[in-house]
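A.B. asks: After the structure tokens below, expect a handful of questions from me.
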Amino acid sequence: MIKSSLILFMFGSFLMMQAQLQKVEDGVSWDLAQKRKEKISAVKYNLSFKIPENKSEDILGNESITFVYQKVVDAPLQIDFKEKSTNIKSVSVNGISVTPKLENEHILIDPINLTQGSNQINIEFVAGNSALNRREDFLYTLFVPDRARTVFPCFDQPNLKAIFQLSLTIPKDWKALANAKLKDSTISLSDKTCHFAESDILPTYLFSFAAGNFKSHSAKIGSENAEILYRETDEGKIKNSMDSIYSIYNSTLNYYEKWTGIKYPFQANGLISIPDFQFGGMEHPGAILFQNSTLFLDKDATQNQLNNRSNLIGHEVAHMWFGDLVTMEWFNDVWTKEVFANFMADKSTGANIDPEVKALKFLTSHFPAAYSVDRSLGANPIRQQLDNLKNAGMMYGPIIYDKAPIMMQQLELLMGSENFQKGIQEYLRTFSYKNATWPDLIGILDKYTTQDLQSWNKIWVNESGRPFIDYKVKLKGNSIKSFSISQRPEFNDSKKLWVQTFPVTLYYADREENIQINLQKKEQKFVELKGKEKPLYIQLNASGIGYGIFKTDDQLISNFDKIKNPVSRASAYISTFENMLNSSGMTPEKALQFFVNRFSKEDNELNLSLISGYSSTIFWEFLKEEKRNALSSGLETTILKAMEGKAEKNQKKILWDCFQNVFLTQPAYNKAFEVWNNQKPPAGMTLNDDDYTNLANALALRSNDNSDILNKQLSRIKNPDKIARFKIVMQAVSSDKTTRDNFFYGLADKKNRSNESAIGSALYYLHHPLRQKISIAYLPKSLELLQEIQTTGDIFFPNNWLKGIFGYYQNPKALEIVNDFFKANPNYNSILKNKILQATDNLRRAQSLAK
Ligand SMILES: [Zn+2]
């Protein structure tokens, strides 16, 4: 009895094990990835694609995958391929032709045909188009995070790195770039075949190529010539930008080689500038993709545009070490590569500039963006859970791009910069051309500090949110008797504690005094301040490195003109805005007044940009329509007067953009129309083609019949990529409701969403407050589409979709629609739900704030 049941039990469990191992599910599950990582190594892909000129024709592909296999169990091997089974033309395993079997996005290879040790699988296929970004006469691949498997069969997980050998057959007059150097090319009557050398060791998401009708330029990067492919047609922009692009690239590259102690780790450098790129950039070694409009600037570029360009190049080049050389084990740690790319970009681009400018750049570019998510009910921690790579795209957002660098700066302060750098160098050396997790890195950093990194890590990395920080000062006569600072989580969870460093600044009539403090507790006394002379007013976090909502001293605001340091002013502006949102400071109307009154006095470009942005946010999102109408005339006059008073044309331009954003009265319309119609900018300023396009859209939004404006603007645009973009946006701006309806309902069809960058802009116009009475009807359908958009679109599209749609609503009905949607979908994907909560946070706050 016992014996037989034991046999039965064993037999049963064996079957169960078989069933478990053979589970074939969509995407790449953590379980599948783990099992493959244990059994597969030394992967090499030999790939060739035949790319026809006409984008509607199929791209034929041919590959051989070689790998070493540990044949432990008799379960089929799963190769990822997310396409129709008819796309697979033939499969052979170790020379034996087999019948292709595709199940839930995987080609199943019978273990009978596999051997212990070396294996070779040959597959002929029709490449899937979804990650090839096929445009009229060019294409570029974008496989991050798990889209290589939509184009060709592969083991699509970041920790199965491989060598890629690529051949591309393309129309004869096209150009191509890929990860590896071009070995040779053969030309026939109508096309040519480019043979690339063996690539360095790469994960599938970094394998890439671009081909098409590009112009090309070549110059030195390091000691070798490197090519850039581009389609920009504005000669002024090309002339003004090319040298800068290469010099920023070179200087960041040099900086990283020195800082990491590791020479550039790949065989080639190459750049491709993509018009209407859906990302800012993508770090494929040897073939980095860049957003064209960020790279090519004219001579009147603003400081923000110049910063964005150097940040973008600095970011992508930093990835060569962070992400490309050392890759995350799984996409839950995708933030580690992003944080280092941003953090290093800030270091390298800041290496040769004034520390004050560097601090201001860091503050204004990361803090407002991080707060925009971290203050919401849908805030996510930096490190998230990920069950399947098909959901990896949802990991991205301002928390990993903006909060993580802030966290890293605090970590560097905590450890000391030298120890921090030594730790990072050891991490890069240890895991070169391999994979690592965040705990691997924290483990190494731990060796270089006496601080408790594990509990620090728990709050900053594994939890979301931020603290509200206040102070108490007791005086005795003319001096400070005691000074204490308290912190509590913004939302009620009393256990959280953010250990961090920031200064307390005491302002006096003739001087200011900064005392750096390290906040370790919920309530902490600082004896450093005891006995100091009584100040006129106090500022917390004047250097802007601290994270949270810092209570602002009323006296500081009324004496604002006396704050000389632009970083302290930026920090105070941010605190003013955050306290307004938190109902712990000024009302929206007062805050708007404060910011607008600063326009004429603020002489720092980044600060001016910051407060003009805050002003338009408050104007549209936190003032009721009647209030806006009542204030607009005065507001327009103040902005224009401040603009005229500025000497620098970039500052004029920032204020002109602000005016263009908020104007409502007829005289303002007439003024803007004249500028646009005569193509004659206001005195002392230049406007480029894109500026006139934006101005046309602003006018069109405010016009009852705008087809003349839009058609005239269309006829003025010369660049074909920009014409294509405008043709999308103008449908959303149209004064004709049927055109807008058709545009919106057309978005349900995937093919109408392919230019995600243009759709993002179009949505902003479609849902502009001046159009919301009608477009509120689009909200339920927009939410319904979100899930599909996440699966079919690129990684930033769900965020951009939601931001474009909900960015400017304050109507309680809009919030009701969101709440009804949650009620109707109780089991909705939690990450997407958080994204909706993030995008509708201002809408939620407006219910009590907007007056
Ligand atoms: Zn990046």
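Bear in mind these aren't lab numbers, they're just calculated from the coordinates by the rules spelled out. All figures in this text were calculated on a predicted structure; none of them were measured in a lab. As a convention, Cβ positions derive from the backbone with ideal geometry for all residues, glycine included, and neighbour counts pool all protein chains shown.
A.B. asks: Of 358/551; 175/403; 23/750; 71/447; 390/447, which pairs sit farther than 28 Å apart, going by alpha carbon to alpha carbon?
C.D. replies: Values: 358/551 25 Å; 175/403 39 Å; 23/750 30 Å; 71/447 39 Å; 390/447 36 Å.
From the list (358/551; 175/403; 23/750; 71/447; 390/447), the Cα-Cα distance tops 28 Å for 175/403; 23/750; 71/447; 390/447.
A.B. asks: Based on DSSP H runs of at least 4 residues, each adding -39500 (n - 2.57), what is the mean residue ellipticity at 222 nm of the chain after dividing by all its residues, to the nearest 500 deg cm²/dmol? It would help to have the intermediate numbers written out before the result.
C.D. replies: Details: 30 runs with 375 residues, N = 851.
Value at 222 nm, helices only: -14000 deg cm²/dmol.
A.B. asks: Let me ask something additional. Determine, for each peptide in 276-285, 783-792, 187-196, 591-600, the mean count of other beta carbons within 10 angstrom over its residues, then list the peptides with the highest first. Walk me through the numbers on the way to the answer.
C.D. replies: Values: 276-285: 23.0, 783-792: 16.8, 187-196: 14.3, 591-600: 20.7.
My ranking of the peptides, most packed first, is 276-285, 591-600, 783-792, 187-196.
A.B. asks: Lys/Arg Cβ at +1, Asp/Glu Cβ at -1, dipole of the range 514-671 taken about the Cα centre: which of 659, 588, 516 is farthest positive-ward?
C.D. replies: My answer, from the dipole projection, is 516.
A.B. asks: I want to check the label-to-label distance for residue 103 and residue 738. Put each point 7 Å from Cα in the C-beta direction and report it in nm to one decimal.
C.D. replies: So the two model labels end up 5.3 nm from each other.
A.B. asks: To continue, here is another question. Which of the lysines could a cross-linker span from residue 813 if the Cα-Cα distance has to be under 25 Å and same-chain partners fewer than 8 positions apart are dropped?
C.D. replies: Leaving aside lysines fewer than 8 places away in the same chain, those within reach of residue 813 are 624, 627, 737, 773, 781, 803, 823, 833, 835, 851.
A.B. asks: Can you find, among 410, 395, 830, the residue farthest towards the positive end of the dipole of the chain? Put +1 on the C-beta of Lys and Arg, -1 on that of Asp and Glu.
C.D. replies: Among 410, 395, 830, the one farthest towards the positive end of the dipole of the chain is 410.
A.B. asks: To the nearest Å, what is the center-to-center distance of the range 583-650 and the range 800-840, using C-alpha atoms only?
C.D. replies: Here the answer is 28 Å between Cα centres.
A.B. asks: Sticking with this structure for a sec: If r is the Cβ-Cβ distance from residue 120 to residue 55 and R0 is 25 Å, what FRET efficiency results, to the nearest 0.05?
C.D. replies: Values: r = 32 Å, r/R0 = 1.29.
According to the calculation, E is roughly 0.20.
A.B. asks: Let me ask something else about it. What size of dipole, in debye to the nearest 20, comes out for the range 169-208 about its Cα centre when the only charges are +1 on Lys and Arg C-beta atoms and -1 on Asp and Glu C-beta atoms?
C.D. replies: On the way: 5 positive and 5 negative charges, 23 e Å.
The calculation lands at about 100 debye.
A.B. asks: Normalise the Debye intensity by I(0) for the chain, one equal point scatterer per Cα, no solvent, then take log10 at q = 0.07, 0.09 Å⁻¹ and round to two decimals.
C.D. replies: The Cα Debye sum returns log10 ratios of -0.58, -0.97.
A.B. asks: Which aspartates and glutamates does residue 534 reach when only Cα atoms under 19 Å apart count, and residues fewer than 8 places away in its own chain are ignored?
C.D. replies: Residue 534 reaches 470, 510, 512, 513, 553, 554.
A.B. asks: Taking the Cα centre of the chain as origin, work out the dipole magnitude from +1 charges on Lys and Arg Cβ and -1 charges on Asp and Glu Cβ, in debye rounded to 20.
C.D. replies: With only Lys, Arg, Asp and Glu charged at Cβ, the dipole is about 1500 debye.
A.B. asks: For the ranges 77-89, 537-549, 404-416, what's the packing order if you count other beta-carbon atoms within 10 Å of each residue, average per peptide, and put the highest first? All intermediate terms of the calculation are to be shown ahead of the outcome.
C.D. replies: Numbers: 77-89: 18.6, 537-549: 22.8, 404-416: 20.6.
Final packing ranking: 537-549, 404-416, 77-89.
A.B. asks: To continue, here is another question. Can you spot the lysines whose alpha carbon is less than 24 Å from residue 263's alpha carbon? Ignore those fewer than 8 places along the same chain.
C.D. replies: 161, 181, 183, 220, 337, 347, 422, 434
A.B. asks: Let me ask another. Hydropathy at least -0.5 by Kyte-Doolittle, axial extent at least 27 angstrom from the Cα trace: which helices of the chain, defined as entire DSSP H runs, fit?
C.D. replies: Working: long enough: 2-21 (28 Å, 1.32); 235-260 (37 Å, -0.95); 355-374 (28 Å, 0.11); 625-645 (30 Å, -0.58).
Membrane-span-like by this rule: 2-21, 355-374.
A.B. asks: What is the packing order of peptides 435-442, 606-613, taking the mean over residues of other C-beta atoms within 10 Å and listing the highest first?
C.D. replies: Details: 435-442: 18.1, 606-613: 23.0.
Descending packing order for the listed peptides: 606-613, 435-442.
A.B. asks: Only Cα pairs under 8 Å and at least 6 apart count here; give the relative contact order of the chain as a rounded whole percent. Display every interim value, and only then the final one.
C.D. replies: Working: 1501 pairs, mean separation 65.7, N = 851.
Here the relative contact order equals 8 percent.
A.B. asks: Describe numerically, in nm with one decimal, the distance between label points set 7 Å from Cα along Cα→Cβ at residue 515 and at residue 564.
C.D. replies: Each label point lies 7 Å from its Cα, and together they span 2.2 nm.
A.B. asks: Whole Å is fine, so just give me how far the alpha carbon centre of the range 443-481 lies from that of the range 506-520.
C.D. replies: 18 Å
A.B. asks: OK, next. Extending each Cα 7 Å along its Cβ direction at residue 666 and residue 727, get the distance between those two points in nm, one decimal.
C.D. replies: Here the modelled spin labels are 3.8 nm apart.
A.B. asks: Given a Förster radius of 41 Å and the C-beta distance between residue 825 and residue 110 as r, what FRET efficiency does 1/(1 + (r/R0)^6) yield to the nearest 0.05?
C.D. replies: On the way: r = 41 Å, r/R0 = 0.99.
After rounding to 0.05, the efficiency reads 0.50.
A.B. asks: Enter the Cα centre distance for the pair the range 653-682 and the range 64-138, rounded to the nearest angstrom.
C.D. replies: 58 Å
A.B. asks: Still on this structure, please answer the following. Can you tell me how the range 133-274 classifies by the Cα gyration tensor, rounded, prolate or oblate, using a/c under 1.5 as the rounded cut? All intermediate terms of the calculation are to be shown ahead of the outcome.
C.D. replies: On the way: a/c = 1.64, a/b = 1.06, b/c = 1.55.
Oblate, because a/c is 1.5 or more while a/b does not exceed b/c.
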